[in-house]
Amino acid sequence: MDTIWQRKHILDVDDFSREELEKVLQTTTVMKEVLQRPLKKVPSLRGRIVANIFYEPSTRTLSSFELAAKHLSADVINLAVASSAVVKGESLIDTMSTLEALGSDVVVMRHSASGAPYAAVRHLNCSLINAGDGWHAHPSQALLDLFTIRQFKGETEGLKVTIIGDIRHSRVARSNIWSLSKMGCVLTICGPQVLLPDSINQDPALFPLVKCTDNIEEAVEGADVIMMLRLQKERQQSGLLSTVNDYVARYRLDEKRLSLAKKDAIVMHPGPVNEDLEIKRTIAYGPRSVIKEQVTNGVATRMALLYLLCGREEIS
Ligand code: CP
């Protein structure tokens, strides 16, 4: 029996221990080696069924979970919500119970409502992976980000990581703040005051290694890692931003701002990128960007998560 990994579901990373994070990193390294083989397939999930159900659009997360399951030899159901019985009013409980009745071993779910995965697992006997819920959490993204940071930077203890953008409404930022803090990173989160989370501003004791600022130059200065977030344009409609042009002037990552970071700093973005809005296109596709590596590492990370939840055999 594995003494470190006991989880049935992956709903969040806020309660992951450092040992569990290390276990995911170590398993992802093994999966990355599998992906470098001419035949990128192992039988660990042979006979298992993985059901992907996405109530919100996705390019990276959905395709990488599908590929991950197939590389592990699982059978895969991709339920397209727009053409499913959900549009006829099928409830979340009914959908979960149907996926279970079809024999699913793992359900991978993205939902627009924060907390939906916690409601879903109350009606499931099989495992569930949260592929992003509302503003709340995106655990597999945070884990692939952590793996990518380790790949490029090695030791995480004391590493200066800056996250810039709409932190308040970002499930990616929220999950990364938990996992990177647990790994000893020194975090600066940066954005307009209205888009910074109250919990960090009001309770510094909760995250002693996290600093908030609305000044991008201060945030980027000396950073080892800069993680940009997508500007969610609906924030302007909701009155939280004056104009997009003002946001771009104050928060877009350009060459001048990047030059304030360490010479070997890496630039990350979970995608999808609004090119030339939160980040200049020349940086997003430039030599300091590891955005493509994040996507590639997403497959190995999701293989690791599926394997840890229901893999049958050792990888050889
Ligand atoms: N990073 C991320 O969740 O991307 P998708 O919306 O394309 O899955």
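The values are calculated or read from the model by the stated rules, or taken from the named source; none is laboratory data. Predicted model only: the values in this text are computed from it and were never measured. FYI the Cβ positions are ideal-geometry reconstructions off the backbone, even for glycines, and counts take in every protein chain you see. With ligands, DNA and RNA removed, areas are computed over all heavy atoms of the protein, side chains included. Shrake-Rupley method; radii C 1.70, N 1.55, O 1.52, S 1.80 Å.
List of remarks:
- Split the accessible area of the chain by element, probe 1.4 Å, and carbon with sulfur accounts for 53%.
- Mean projected area in nm² (Cα convex hull; one quarter of hull surface) for the range 139-290: 8.1
- Relative contact order for the range 109-173, counting Cα pairs under 8 Å that sit 6 or more residues apart, in percent: 31
- The range 139-290, relative contact order [Cα under 8 Å, separation at least 6], %: 23
- Cut-off 12 Å (backbone N to label point 7 Å along Cα→Cβ of S238), residues of the range 128-159: 134-136
- Between T98 and T213, the contour length at 0.36 nm per residue exceeds the alpha carbon distance by 36.7 nm.
- Backbone geometry of the range 260-272 corresponds, through the Karplus equation with coefficients 6.51, -1.76 and 1.60 at θ = phi - 60°, to 3J(HN,Hα) couplings of 7, 7, 4, 4, 9, 5, 9, 10, 10, 7, x, x, x Hz, x marking Gly and Pro.
- Secondary structure note: in the chain, about 5% of the DSSP beta bridges are antiparallel.
- Highest mean packing first, where packing is the average number of other Cβ atoms within 10 Å per residue, the peptides 186-194, 13-21 line up as 186-194, 13-21.
- For the chain, relative contact order (Cα pairs under 8 Å, six or more residues apart, normalised by length) works out to 21 percent.
- Segments 56-62, 141-147 sorted - mean Cβ within 10 Å per residue, highest first: 141-147, 56-62
- Calculated FRET value between R60 and T29, using beta carbons and R₀ = 22 Å, to 0.05: 0.60
- Judged by the mean number of other Cβ atoms found within 10 Å, the most tightly packed of the peptides 71-82, 89-100 leads the ranking 71-82, 89-100.
- Amide hydrogen neighbours beyond the local backbone of H138, cut-off 5 Å, H modeled: S175
- Neighbour net charge for H9 - beta-carbon separation under 14 angstrom, K R +1, D E -1: -4
- In this structure the range 139-290 gives 40 Å² per residue of accessible area when probed at 1.4 Å with all protein chains present.
- Tensor-based shape of the chain (alpha-carbon gyration tensor, a/c under 1.5 rounded, otherwise prolate or oblate): prolate
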